[in-house]
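Participant: Please see the structure below; I have some questions.
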Protein chains: 2
Amino acid sequence: MAETAAAARPASKSEQAYAAVKARIVDGTYSPGYRLVLAKIAEDLGVSVVPVREAIRRLEAEGLVTFERNIGATVAGIDPTEYLYTMQTLSIIEGAATALSAPLVGAADIARARAVNAEMRNCLEHFDPVRFTALNQDFHSILFEHCPNPHILDLVHRGWNRLAALRSSTFRFVPGRAHQSVDEHEALLGLIETGAGADAIEKAARLHRSATLDAYLAQSHS
Amino acid sequence: MAETAAAARPASKSEQAYAAVKARIVDGTYSPGYRLVLAKIAEDLGVSVVPVREAIRRLEAEGLVTFERNIGATVAGIDPTEYLYTMQTLSIIEGAATALSAPLVGAADIARARAVNAEMRNCLEHFDPVRFTALNQDFHSILFEHCPNPHILDLVHRGWNRLAALRSSTFRFVPGRAHQSVDEHEALLGLIETGAGADAIEKAARLHRSATLDAYLAQSHS
DNA sequence: GCCATAGTCTTCGTATACGATTTCGTACTC
DNA sequence: GAGTACGAAATCGTATACGAAGACTATGGC
């Protein structure tokens, strides 16, 4: 990584704190329910509490942590209904983003996506839920990153972050869904490739995600 | 002891600052492009800069202000593309919220909505864009407030706040759209009343909003 | 007269300090 | 022995202070 001397932006302490805490939440160092103590984090990062406070509040706004007045912050997650809400929201947002993005997705992008999907298919044999989930994110990123509306794109990213924070490599719980998911990916690519209507693409992308949610719900209710 | 309303805690300075600044943005005291100087706001509110800083950052996360490092904060808005993005996002989110909310909307709600719409129709004669916009928000609120997914509901509220901040009583620019809008409201109520499918309701709600956007675009491009 | 440069001034960024609030532990009473 | 009350420790909330970065202005050279 290029901290290329002078060219590197010093990055404010707030940013550093934000990135550091977010990374630890996403990678699981701070698991859901973990108590985030301002002073401790500040010391760990070698900064004062003020920037850390700001970072925590930003993470709160994104829904990665919950904050109670005079009590402190804890890493959000765990709650299954929270997972449900997040998935449902993401299904809507991501569906829209994918549809808006589709006209801007070129042949090269399709090829890349297909390569990722092939990797996912390989992954099905000796199944690794974490790797599969990572590839899944790569795949969908290719499809929605061209979305011309920055607000929607931002919401999609927030949704993915929340899911990551919830530590729900969903496929860990419903491995059977993985196979079907790969097939749906191919179908989705076909729709985009043939220039299908925005409605069709949106519906397909949305159903793709809500099907995963349904699989999870069916699993956990049994 | 009992949580009597009177004994309500004074609400943190951060909250006060947040509410105060937000109110001034929404009511137009701070118009788009206005330079928000931390020290000045802090003095006005009789607090220190730290809570104000936090408030500004929260508003930034909501998209009501933009913030540049070492430069300062300014009230967001003005930019027509920003308006476009916000409307498009809201059309998607509000459409989904309305559809999810529909099964929970009772006869009493329908009646209230119809009353509001009647007022809007009256309003058409001696047209007051600001009042019309306010009623419009009331109308839609009735339809989406029952949305069971709090995330989506939150996103809808953020969208409306952004629109308010942009000061675009859209109907000021496209008064001709108002009449059509009232009719679409009635159609939407009909769909909900007759228990139409979620797809139909979502599509109707979304089109209702994007039609307003299209009218605005057609107007401004001419 | 115009552009470049230096100096100042405003405003943000962060550290430190202190007061406020909550929680936990301990001792005391019934 | 259980419950309550008091006190200490931990943690958050906010004020103040100082250093740094950007922007304005004035002055000098071309």
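The values are calculated or read from the model by the stated rules, or taken from the named source; none is laboratory data. Being a predicted model, the structure only gives us computed values, none of them experimental. Neighbour counts are summed over all protein chains in view; Cβ atoms, including those assigned to glycine, are modelled from backbone coordinates with ideal geometry. Areas reflect the complete protein model, heavy atoms only, side chains present, ligands, DNA and RNA absent. Shrake-Rupley method; radii C 1.70, N 1.55, O 1.52, S 1.80 Å.
Yes or no, residue by residue, for (1) near DNA strand C (Cβ under 9 Å from one of its atoms); (2) more than 12 Å from chain B (Cβ to nearest Cβ); (3) not small (Gly, Ala, Ser):
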| site | (1), (2), (3) |
| --- | --- |
| A:Val37 | no, yes, yes |
| A:Lys40 | no, yes, yes |
| A:Val47 | yes, yes, yes |
| A:Val65 | no, yes, yes |
| A:Thr74 | no, yes, yes |
| A:Asp79 | no, no, yes |
| A:Thr86 | no, no, yes |
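Participant: Among A:Ala205, A:Ala178, A:Ala196, A:Ala200, which is touching a Phe, Trp or Tyr at 6+ places or on another chain (Cβ under 7 Å) and in the same structural domain as A:Ala99 (by TED's automatic domain parsing)?
Facilitator: From the options A:Ala205, A:Ala178, A:Ala196, A:Ala200, the qualifying one is A:Ala178.
Participant: For segment A:154-222, please list each of the helices (runs of 4 or more DSSP H) lying entirely inside it that holds at least 2 residues being closer than 21 Å to A:Gly77 by Cβ. Steps first, please.
Facilitator: Working: elements: A:170-173, A:175-193, A:198-221.
So the answer is A:170-173, A:198-221.
Participant: Do you know which of the residues in segment A:150-161 that are crowded, with 20+ Cβ neighbours inside 10 Å and within 9 Å of chain B (Cβ to nearest Cβ) is nearest to A:Pro80 (Cα to Cα)?
Facilitator: A:Gly159
Participant: Could you please let me know if B:Leu135 is away from chain A (no Cβ under 11 Å) and either under 22 Å from A:Ala76 (Cα atoms) or surrounded by 22 or more Cβ atoms within 10 Å (Cβ to Cβ) (or both)?
Facilitator: Answer is no for this residue.
Participant: Now for a separate question. Can you spot a residue in segment B:74-83 that is in contact (Cβ under 8 Å) with a residue 60 or more places away in the chain and surrounded by fewer than 16 Cβ atoms within 10 Å (Cβ to Cβ)?
Facilitator: Within segment B:74-83, one or more residues are in contact (Cβ under 8 Å) with a residue 60 or more places away in the chain and surrounded by fewer than 16 Cβ atoms within 10 Å (Cβ to Cβ).
Participant: While we're on this one: Looking at segment A:55-67, which of the residues that are in a helix (DSSP H, G or I) and either more than 21 Å from A:Leu155 (Cα to Cα) or within 10 Å of DNA strand D (Cβ to nearest atom) (or both) is least open to solvent (accessible area, probe 1.4 Å)?
Facilitator: A:Ile56
Participant: Is segment A:49-58 home to any residue that is within 24 Å of the chain's Cα centre (by Cα), more than 14 Å from chain B (Cβ to nearest Cβ) and over 28 Å from B:Thr89 (Cβ atoms)?
Facilitator: Scanning segment A:49-58 turns up no residue that is within 24 Å of the chain's Cα centre (by Cα), more than 14 Å from chain B (Cβ to nearest Cβ) and over 28 Å from B:Thr89 (Cβ atoms).
Participant: Right, here's the next one. Just one of the numbered conditions (1) part of a loop (DSSP other than H, G, I, E, B); (2) surrounded by 14 or more Cβ atoms within 10 Å (Cβ to Cβ); (3) more than 16 Å from DNA strand C (Cβ to nearest atom) is not true of A:Thr29; which one?
Facilitator: If we test A:Thr29 against (1) part of a loop (DSSP other than H, G, I, E, B); (2) surrounded by 14 or more Cβ atoms within 10 Å (Cβ to Cβ); (3) more than 16 Å from DNA strand C (Cβ to nearest atom), just (2) comes out false.
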